[in-house]
1. Do any cysteines in the chain lack another Cys Cβ under 4.7 Å, and if so which?
2. Over the range 76-155, what number does the Rg to Rh ratio reach, with both radii from the alpha-carbon atoms and Rh per Kirkwood?
3. For the range 4-64, how big is the tail of P(r) above 14 Å, as a whole percent of Cα pairs?
4. So if I restrict to the alpha-carbon atoms in the range 139-196, what is the Rg, and what is Dmax, the biggest pairwise distance, in Å?
5. Would you work out the Kirkwood radius for the range 293-394? I mean one over the mean of 1/r across all pairs of different Cα atoms, in Å.
6. From the backbone phi of the range 301-318, what are the Karplus-calculated ³J(HN,Hα) couplings (6.51 cos²θ - 1.76 cosθ + 1.60, θ = phi - 60°) in whole Hz, Gly and Pro given as x?
7. Counting helices only, and only those DSSP H runs with n ≥ 4, report the 222 nm mean residue ellipticity of the chain as the sum of -39,500 (n - 2.57) divided by its residues, in deg cm²/dmol to the nearest 500.
8. I want to check the label-to-label distance for Tyr31 and Asn134. Put each point 7 Å from Cα in the C-beta direction and report it in nm to one decimal.
Amino acid sequence: MAIIASYFKDETYGLLGPQMAATIIQDHTPYECIVIGVTREDDKPAVKKALAEYFGAQKPVIGFSTLSGRQDLFALAKDLRAEGSVSILGGPQADVDFSGEKGWQDHPHRFKGLSENFDVGLHGPAEQAIHLINRLDGIDRSEIPGLLYKDRKGMIIQNSKTNWNEAYLGKIRWGNMYIMEKNRLVPLDIGMGQVLQHIGCPHATRKRETAIDYPASIRGGQGQQIKLFLRGCSFCDVAVDKRFCGSLDMKTVTSQINCLPEAPDGRKIPFELINENPLPGFADLLRDVSGQGDQLSQINLTLRADYFIAGIQHLRQALGIAGELGIYVLFSSIGFESFDNTILRNLNKGLTVDKNLQAIRLLRQLKEEFPHQMGYSRKEGAIHGFIHPTPWDTKETIASIQRTISLYGLPHDILPPHSTPLIIHHASGLGDWIREIEQREGLRFKRYGSIIGWWECPHEL
């Protein structure tokens with residue numbers, strides 16, 4: 001079996017989700033399983049040829065995960081299915097991407113889903129694949145948790161998924177990933193790993209009523225708002241997909257760390273800790289790992305600005321321990337997203353510009369206190385969240401953001417080389433926002449696969 005995932009050219013980072021899924025499949029089914037990172041630049045006929053060489057005379061069983069809305073990978077899956085492969089859509093948003101956008105049957109311009117591209121979808125914990133892979137021939141599909149498939153009438157059936165089981169989350173083979181090089185599959189030497197500590201995001205724990213402004217492009221709608229009940233940030237489809245399922249046991253986390261490859265100096269390769277609120281338990285993690293004899297080199301943290309501020313005393317303690325152990329801590333991505341309060345409210349960040357600036361001041365102070373133990377700036381490898389453009393950009397918001405950027409010297413250390421345009425996945429909170437605007441105003445925004453093209457002028461229905 002092979003799992004295909006979206007990848008970027010000339011990178012060496014691992015893919016925790018697909019690689020852990022491949023580990024589970026290989027350990028609990030008769031199938032060998034590898035992960036193949038496919039870039040936009042890769043020649044797709046060459047990818048198909050490489051797959052044919054890998055499978056040989058065996059029937060191809062190919063999973064797809066973490067596709068990032070890439071239509072070229074959707075098309076590749078459809079081609080492989082037509083040529084006889086068993087194709088499985090897994091990973092984040094597998095359920096909504098397989099079944100399609102809300103109401104697409106009554107609104108032809110909406111995303112129709114990928115049920116023609118894949119044989120089945122699989123939503124939820126990766127260990128559900130064991131039930132599917134072990135019984136590919138002549139199975140009763142109704143018994144497989146998390147499975148999406150079409151019945152004889154062409155209706156999409158979705159089985160209930162199981163809860164996360166930590167017994168499957170402590171092990172990962174980092175040597176099972178391949179990329180295309182000179183039109184052939186070659187193993188990838190992973191340079192940056194990931195370790196899972198939180199499943200989902202604490203900000204997505206509770207639903208909150210949120211009022212989101214009309215887009216600035218609809219002049220007649222200025223002053224109007226759409227009220228929605230949202231979990232987490234309005235643009236985050238992961239908040240919808242996973243919500244917040246809690247923390248893993250420390251033993252499971254340290255077991256993952258133990259699986260990381262070692263660099264030439266004998267220390268574990270750098271890794272990103274997947275935890276939006278890591279600071280309260282960070283010192284305990286460092287002590288536990290050190291007590292087990294693993295030598296760490298670098299830990300990358302990604303978190304919210306408010307969680308950073310709230311955990312500052314925990315962080316000072318942890319940085320002291322990191323200094324003793326020779327571990328470098330990089331705040332690789334803090335989700336500032338904007339420096340305008342209106343846009344932050346529409347993104348449902350639960351933050352203000354003042355809160356973002358407070359976090360930046362603390363980052364700069366900590367760098368002076370712990371110059372060798374921590375980093376946070378773009379020159380040190382950090383890429384902080386900054387979303388632009390958005391549907392709510394006006395001359396006033398742009399001028400306000402530019403004043404803040406200039407006044408606080410953000411280009412020197414905080415702003416990434418390029419901002420990230422707002423992406424609206426059809427199943428995110430902003431997907432509901434767009435559909436409500438279409439309904440109210442008699443408009444139609446263009447879809448680009450699973451992504452809604454808010455940046456283009458909508459057509460009248």
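The values are calculated or read from the model by the stated rules, or taken from the named source; none is laboratory data. Since we're looking at a predicted model, the values are computed, not measured. Counting neighbours? That spans all protein chains shown, and the Cβs are built from the backbone with ideal geometry, glycine included. Side chains are part of the model used for accessible areas, which takes the heavy atoms of the whole protein and leaves out ligands, DNA and RNA. Shrake-Rupley method; radii C 1.70, N 1.55, O 1.52, S 1.80 Å.
1. Result for the chain is Cys33, Cys201, Cys245, Cys259, Cys457, no neighbouring Cys Cβ within the cutoff.
2. Reported Rg/Rh (Cα atoms, Kirkwood Rh): 0.97.
3. Result for the distance tail: 61 percent.
4. So, for the range 139-196, Rg and Dmax equal 18.2, 48 Å respectively.
5. The Cα-based Kirkwood calculation yields 14.5 Å.
6. 10, 10, 7, 7, 5, 5, 5, 5, 5, 5, x, 4, 5, 4, 5, 4, 5, 5
7. About -9500 deg cm²/dmol.
8. 1.4 nm
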